[in-house]
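First the structure, in the form of structure tokens, and then the observations on it.
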Amino acid sequence: MSRLPQILTQHLLNPCKSGVLRSNSAVEGRGENPACGDVLAIYLDLGQDGSIEAAFQARGCSAVIAVASLVTGAIHGGTPAAAAALSVKEMVDEAGGLDRMQSHAVRVVSRALGEALSQLS
């Protein structure tokens, strides 16, 4: 079993923004990795001030949960433009990176975030 870097381990043990946004205007983006059964939903909504509210629900490996927490925590309270400019891979690399067996987490989270951002208005 591969170990996560310390920052990602902290996100796994104490996830930021885990849950569902129940607002009628919230959008959902999904990412999956059928090979290992990961399923991720990222929920986004815009506050009245134009800032993002973010949350996620994940069923899957520790890397997907940790990366989803890292990313939703980072974009929460920011702007859609800042979220769209964010590189999940760069964030993960700055947090210590993932090994080859965990690298799919970047793709799963990127896919879910991109899909959610494309629906945000």
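Any read-out appearing in this document is the output of simple, stated calculations on the displayed coordinates, not a laboratory observation. Given the structure is predicted, the values throughout are model-derived calculations rather than measurements. Neighbour counts run over all protein chains shown; Cβ positions are idealised from the backbone, glycine included.
Checked against (1) more than 18 Å from Val20 (Cα to Cα); (2) small (Gly, Ala, Ser); (3) in contact with a helix residue (DSSP H, G or I) (Cβ under 8 Å, 6 or more places away or on another chain), Ala41 meets all criteria but (1).
Looking across Ala74, Ala105, Ala84, one residue alone is without any contact (Cβ under 8 Å) to a residue 24 or more places away in the chain and out of contact with any Phe, Trp or Tyr (no Cβ under 9 Å at 6 or more places or on another chain). It is Ala74. Within the stretch 37-63, the set of residues being buried (at least 19 other Cβ atoms within 10 Å of the Cβ), of a type outside the set (Gly, Ala, Ser) and either farther than 16 Å from Val27 by Cα or out of contact with any Leu (no Cβ under 9 Å at 6 or more places or on another chain) (or both) comprises Asp38, Leu40, Cys61.
Residue-by-condition table, conditions (1) closer than 12 Å to Ala116 by Cβ; (2) in contact with a Lys or Arg (Cβ under 9 Å, 6 or more places away or on another chain); (3) not β-branched (Val, Ile, Thr):
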| position | (1), (2), (3) |
| --- | --- |
| Ser18 | no, no, yes |
| Ser23 | no, no, yes |
| Ala35 | no, no, yes |
| Asp38 | no, yes, yes |
| Gln48 | no, no, yes |
| Ser51 | no, no, yes |
| Ala83 | yes, no, yes |
| Asp93 | no, no, yes |
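Once the stretch 12-36 is narrowed to residues that are surrounded by fewer than 17 Cβ atoms within 10 Å (Cβ to Cβ) and of a type in the set (A, V, I, L, M), the residue that is farthest from Ile65 (Cα to Cα) is Ala35. Of the helices (runs of 4 or more DSSP H) lying entirely inside the stretch 1-117, those containing at least 2 residues that are of a type in the set (Asp, Glu) span 88-94.
Of everything in the stretch 90-121 that's within 20 Å of Cys36 (Cβ to Cβ) and of a type in the set (Ser, Thr, Tyr), which residue is surrounded by the fewest Cβ atoms within 10 Å (Cβ to Cβ)? Checking each candidate, the answer is Ser103.
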